[in-house]
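The values are calculated or read from the model by the stated rules, or taken from the named source; none is laboratory data. From a predicted model like this one, the values you see are computed outputs, not experimental measurements. Cβ sites come from the backbone with ideal geometry, for glycine too, and all protein chains shown count toward neighbours.
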Amino acid sequence: MTSLTLTLPDDWHIHLRDEEALPTTVTDIARWAGRAIVMPNLKDPVRTVADALAYRQRILAARPAESCFEPLMTLYLTDSTTVESVAEAAQSPFVQGIKLYPAGATTNSAAGVTALKALYPVIEAMEKHDLPLLIHGEVTDADCDIFDREKAFIDTALIPLTAEFPALSVVFEHITTRDAVQFVEAGSDRIAATVTAHHLLYNRNDLFVGGIKPHLFCLPVLKRDQHQLALRRAVTSGHPRFFLGTDSAPHTRQDKESSCGCAGCYTAHAALELYAEVFDEEHSLDQLERFASFNGPDFYQLPRNSGTVTLEKVSQEVPADLPLGSQRLIPLRAGERVQWTLMRSI
Ligand code: NCD
Ligand code: ZN
């Protein structure tokens with residue numbers, strides 16, 4: 001197949017950042033996605049509906065002319081989130097969920113949750129109001145190996161949580177392991193997962209063999225190839241509860257290429273094309289639309305988009321770097337080629 005037309009996709013997990021980053025991040029996502037779930041981990045987190053509405057306006061102001069891109073907002077769960085704020089969020093047409101970061105798990109997670117059980121009344125309110133809980137699923141125990149943190153989170157936090165709140169909608173974000181795939185497959189129809197392009201394309205060898213590649217360092221960290229293969233099988237299987245979430249997360253070149261480099265891969269510039277490479281390699285291009293354009297809105301109970309995008313199997317070169325305000329960012333595949341190109345978006 002050399003040409004593929006899909007219903008306009010959505011991105012169910014993205015970091016757009018703020019202020020001078022928005023022209024780059026919003027332009028890149030608006031090129032190929034109708035909507036995106038915008039993560040709330042700004043330096044000063046998006047804690048309230050008022051914060052989310054103000055942030056939404058800043059994103060809308062950065063949209064290219066004539067773009068219909070719709071940001072779908074999330075709130076940041078903290079130890080002091082209240083039941084009342086859940087009710088308020090559930091009533092807002094602009095807020096689609098609340099994001100749980102275990103404190104210390106990733107970029108800008110210092111304000112995250114320190115004791116999940118203490119928040120069970122808040123989670124109960126989310127279940128009651130049918131407001132999805134979006135989860136960064138890694139434990140933060142210093143004595144847990146970084147490659148085991150997702151599995152440990154499933155065992156110690158997710159299994160008890162989903163047993164306690166069986167009607168709660170849960171999106172297990174950016175899953176990286178076979179264990180997470182199995183957890184979702186065995187779960188109820190209220191449990192889904194997003195999968196990034198980079199976790200489908202790469203494994204931990206790509207991160208370390210031949211020298212450390214800071215631009216492939218993200219959290220949860222890339223795992224071994226068996227896990228990558230399990231993710232590839234899951235997304236191409238036609239299963240309705242795996243959907244596209246890029247976790248595109250820009251950082252400046254300086255912050256990544258440092259003695260203590262920060263976590264995040266930037267893929268929004270070519271994400272759909274990168275996913276197409278994976279589905280092509282798996283001889284499953286016929287499953288891409290389901291993953292990119294149907295499963296997400298069906299799970300979030302939103303309408304599917306009405307436009308289309310067309311991809312062609314024509315390779316393109318990714319620029320060596322991109323602007324991020326006054327600084328530069330290194331996108332995934334910088335200076336290399338991607339095998340597909342987005343031709344047209346309607
Ligand atoms: C994300 C970021 O930079 O905000 N980083 C990452 O490695 N994925 C945060 C996150 O989603 O964990
Ligand atoms: Zn993320």
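Against the condition in contact (Cβ under 8 Å) with a residue 40 or more places away in the chain, buried (at least 20 other Cβ atoms within 10 Å of the Cβ) and touching a Cys at 6+ places or on another chain (Cβ under 7 Å), how does HIS227 come out, does it pass? It is false that HIS227 is in contact (Cβ under 8 Å) with a residue 40 or more places away in the chain, buried (at least 20 other Cβ atoms within 10 Å of the Cβ) and touching a Cys at 6+ places or on another chain (Cβ under 7 Å).
Within segment 53-74, residues that are within 23 Å of THR308 (Cβ to Cβ) reach partners that are of a type in the set (Ser, Thr, Tyr) and at pLDDT 95 or above with beta carbons closer than 6 Å, at six or more positions or on different chains, in the pairs PRO64/THR27. Residue check: is LEU6 in a loop (DSSP other than H, G, I, E, B) and not hydroxyl-bearing (Ser, Thr, Tyr)? Against the criterion (in a loop (DSSP other than H, G, I, E, B) and not hydroxyl-bearing (Ser, Thr, Tyr)), LEU6 does not qualify. Of the strands (runs of 3 or more DSSP E) entirely within segment 231-346, those holding at least 2 residues that are more than 16 Å from the chain's Cα centre (by Cα) and in contact (Cβ under 8 Å) with a residue 40 or more places away in the chain occupy 308-312, 322-324, 327-329, 341-345. Filtered by the rule that a residue be polar (S, T, N, Q) and in contact with a Gly (Cβ under 6 Å, 6 or more places away or on another chain), segment 179-235 gives a lone residue, THR194. When segment 263-277 is filtered for residues that are under 19 Å from LYS313 (Cα atoms) and surrounded by 22 or more Cβ atoms within 10 Å (Cβ to Cβ), the ones remaining, listed by number, are THR267, ALA268, HIS269, ALA270, ALA271, LEU272, GLU273, LEU274, TYR275, ALA276. Out of all the residues in segment 178-188, is one or more within 16 Å of ligand 2 (Cβ to nearest atom), modelled with pLDDT of 95 or more and assigned to a helix (DSSP H, G or I)? Yes, there is a match, as at least one residue in segment 178-188 is within 16 Å of ligand 2 (Cβ to nearest atom), modelled with pLDDT of 95 or more and assigned to a helix (DSSP H, G or I). Among the helices (runs of 4 or more DSSP H) confined to segment 74-172, the ones with at least 1 residues that are loosely packed, with under 15 Cβ neighbours inside 10 Å and away from ligand 2 (no atom under 16 Å from the Cβ) are located at 83-91, 120-129, 159-164. From the list ASP255, ASP247, ASP298, the one residue that fits, being within 15 Å of ligand 1 (Cβ to nearest atom) and closer than 23 Å to ALA36 by Cα, is ASP247.
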